[in-house]
Amino acid sequence: MSDRTRELRTYAIGYGLSLALTAAAFAMVRWPSFGARAIFGTVLALGLVQMAVQFRCFLHISLKRSSRHDLQLILFSALIIALMVSGTLVILFNLRGRMMG
C-alpha cells in the first residue's frame, strides 16, 4: 500500500470516528436516558476520545520517539491554558462571592 493511500485511509477513519463520536455526544444530550451527571461524564469521556482521534488521525501525533516532542509541546500548551482558565475562574467566583455576600 502506498503512503498516499495509507494517509487517505487514516483521514477517512479519523473522519468517520469523529462523526460517530460527535453524533453519540449529541444524542446523549438531545435524548437523555440517564441522569445529568452520567451524561456529563459520558460527554466528557467522548470528548477525550475525540481529542485522541484528532491527535492521531489528523495531526499524526503518536507515541513514536519522533513525535514525542510534538506531543509534549501540545500537552504543555494545554497545561498552561488550563492554569490560565482555572485561575480566571477562581478570581471570578471569588469576586462573585464578595459582591453577592
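The values are calculated or read from the model by the stated rules, or taken from the named source; none is laboratory data. Here the structure is a predicted model, which is why all the values come from computation and not from measurement. Glycine gets a Cβ as well: all are built from the backbone with ideal geometry, and neighbour counts include every protein chain shown. Areas reflect the complete protein model, heavy atoms only, side chains present, ligands, DNA and RNA absent. Shrake-Rupley method; radii C 1.70, N 1.55, O 1.52, S 1.80 Å.
Every residue, every condition in (1) at pLDDT 95 or above; (2) over 15 Å from the mean Cα position of the chain (by Cα); (3) not hydroxyl-bearing (Ser, Thr, Tyr), yes or no:
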position	(1), (2), (3)
Leu17	yes, no, yes
Ala20	yes, no, yes
Ala36	no, yes, yes
Leu44	no, no, yes
His69	no, yes, yes
Ser77	no, no, no
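Filtering segment 65-93 to residues that are charged (D, E, K, R) and either farther than 28 Å from Tyr15 by Cβ or surrounded by 10 or more Cβ atoms within 10 Å (Cβ to Cβ) (or both) leaves Arg68, Asp70.
The residue list Leu59, Leu46 contains one member that is under 18 Å from Tyr15 (Cα atoms), open to solvent by less than 50 Å² (accessible area, probe 1.4 Å) and of a type in the set (A, V, I, L, M, F, W, C), which is Leu46. Of all the criteria given as (1) in contact with a helix residue (DSSP H, G or I) (Cβ under 9 Å, 6 or more places away or on another chain); (2) open to solvent by 50 Å² or more (accessible area, probe 1.4 Å), the one not satisfied by Ala36 is (1).
One line per residue, one yes/no per condition, for (1) surrounded by 11 or more Cβ atoms within 10 Å (Cβ to Cβ); (2) of a type in the set (A, V, I, L, M, F, W, C); (3) free of Cβ contacts under 8 Å to residues at least 40 places away in the same chain:
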residue: Arg6; (1), (2), (3): no, no, yes
residue: Arg9; (1), (2), (3): yes, no, yes
residue: Leu21; (1), (2), (3): yes, yes, yes
residue: Phe26; (1), (2), (3): yes, yes, yes
residue: Arg30; (1), (2), (3): no, no, yes
residue: Leu63; (1), (2), (3): no, yes, yes
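Listed by first and then second residue, the pairs with beta-carbon distance under 9 Å, at least 6 apart or on different chains, first residue in segment 34-46 and under 11 Å from Ala24 (Cβ atoms), second assigned to a helix (DSSP H, G or I) and polar (S, T, N, Q), are Leu46/Thr22.
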